[in-house]
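Some notes on the structure that comes next.
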Amino acid sequence: MSEAVLYVVATPIGNLADISERALKVLRSVDLVAAEDTRHTKQLLMHFVINKPLFSVHDHNEHQRVEKVLAELSAGKSIALVSDAGTPLISDPGFVVVQAVRKAGFPVVPVPGACAMVAALSAAGLPTDRFCFEGFLPAKSSGRKKQLKALERESRTLVFYESPHRVLDSLKDMAEVLGGAREITLARELTKTFETFLSGSLEEVITMVEQDANQRKGEFVLVLAGAKVESDDEEQAIAAEHVLNVLLEELPVKQAAALTAKITGLKKNALYQQALALQVQK
Ligand code: SAM
């Protein structure tokens, strides 16, 4: 297949039967395979009795490899780009190469297939009409909590990748920042023998993971429900309560209610009653 094309080929995420017919056809016909880990991909190709020259394209050499990829394409060679598992570029190397190949004017052709994020979403039982893929959260708890805080009001379903030695800590940070009642589905070992889905509130899922060490083994996708969207009225009420609380620190109830009414456009009498109730709570 000498036709100066870069194919971006998805490979299985555990179950080898998930390779597509088209992926096999492309892998059999290209001149070269660019792999995240050549030893790993050699094993995969051997399984399908495919023998191709391989070269590495990973996080640490991707910029240098652009030159080689462009030289091979210029010589009319076709290349398949693969990662260790799933779809290249999805929390995997390949972006730098794909961008450079496109800029140079060569065709980049996707050969779709397995992707852990999509597999998890498709079976998690949480809304899929709109979602955000967040990849891996920072390794340190402080960075993780900062990022989660920034996502606090995100109403779309959130999808994260996580490693086994951090999964419990990440779940705990999610509960601390977003509240233990938020719904989550933990998808583990997708397409493999021990595929498991744990669903419930963050608090419930944390307990399940704490009580069973097996639930901390393998590969994970965390599918987290988005924040509940407040209606305009609810948002206004929350904002008004905040203003009232701030003003009540400095002013008597009547004045605080009157000023809050001016700021928010809400009724003074209702705000006065609310201010009285807030004072009682203080
Ligand atoms: N490119 C891959 C894809 O398309 O999903 C993702 C590569 S990323 C480096 C690896 C992470 O994906 C793992 O740490 C895990 O979070 C997730 N993952 C990959 N395979 C998985 C599987 N079989 N089950 C659950 N999660 C998986």
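Miscellaneous remarks
- Those lysines that a straight Cα-Cα span of less than 29 Å connects to LYS267, excepting residues fewer than 8 apart in one chain: LYS228, LYS254, LYS282
- With respect to the chain, whose longest principal axis is taken over its alpha-carbon atoms, helix 268-281 is tilted by about 80°.
- Helical runs assigned H by DSSP (4 residues or longer) give the chain a calculated mean residue ellipticity at 222 nm of -13500 deg cm²/dmol, each run adding -39500 (n - 2.57) before division by the residue total.
- Diffusion constant of segment 98-236 at 37 °C, which comes from Stokes-Einstein with the Kirkwood Cα-pair radius and 0.692 mPa s, µm²/s: 202
- In this Cβ point-charge picture (+1 for Lys and Arg, -1 for Asp and Glu), the chain has a dipole of about 460 debye about its Cα centre.
- Working ranking of peptides 30-42, 9-21 by packing, defined as the average number of other Cβ atoms within 10 Å per residue, highest first, is 30-42, 9-21.
- Translational diffusion coefficient (Stokes-Einstein; Kirkwood radius from C-alpha pairs) of segment 232-281 at 25 °C, 0.890 mPa s, in µm²/s: 237
- Charge dipole of the chain about the Cα centre (unit charges at C-beta), most positive-ward option of ASN51, ALA257, LEU126: ASN51
- Between 0 and 90°, nearest 10: helix 38-47 axis offset from the chain longest Cα axis: 70
- Candidates ILE184, ILE238, ILE50: whichever shows maximal mean-square fluctuation once the chain is modelled as a Gaussian network with Cα springs under 10 Å: ILE238
- Across the chain, C-alpha contacts under 8 Å between residues 6 or more apart give a mean separation that, scaled by the residue count, equals a relative contact order of 16 percent.
- Cβ-placed point charges (K, R +1; D, E -1), dipole of segment 1-63 about Cα centre in debye, nearest 20: 280
- The chain: antiparallel DSSP beta bridges as a percent of all, rounded to 5: 45
- Contour minus Cα-Cα distance for SER155 and MET208 (0.36 nm per residue): 16.5 nm
- Pairwise Cα inverse-distance average, inverted: Kirkwood Rh of segment 6-114 (Å): 13.6
- 10 Å binning of all Cα-Cα separations within the chain, expressed as whole percents from 0 upward: 6, 22, 22, 20, 14, 7, 6, 3, 0
- For SER231 and ASP169, a Förster radius of 41 Å and the Cβ-Cβ distance give a FRET efficiency of 0.75, rounded to the nearest 0.05.
- Stretchable slack from VAL108 to ASN15, in nm (0.36 nm times residue separation minus alpha-carbon distance): 30.9 nm
- Rg ratio (alpha-carbon, reference 2.2 N^0.38 Å) - segment 1-46: 1.14
- GLN255-HIS63 FRET efficiency (beta carbon distance; Förster radius 45 Å; 0.05 resolution): 0.10
- Between 0 and 90°, nearest 10: helix 232-248 axis offset from the chain longest Cα axis: 60
Only the coordinates and a few stated rules stand behind these numbers; no lab work does. Being a predicted model, the structure only gives us computed values, none of them experimental. Using ideal geometry, Cβ is built from the backbone for each residue, glycine included, and neighbour counts are taken over all protein chains shown.
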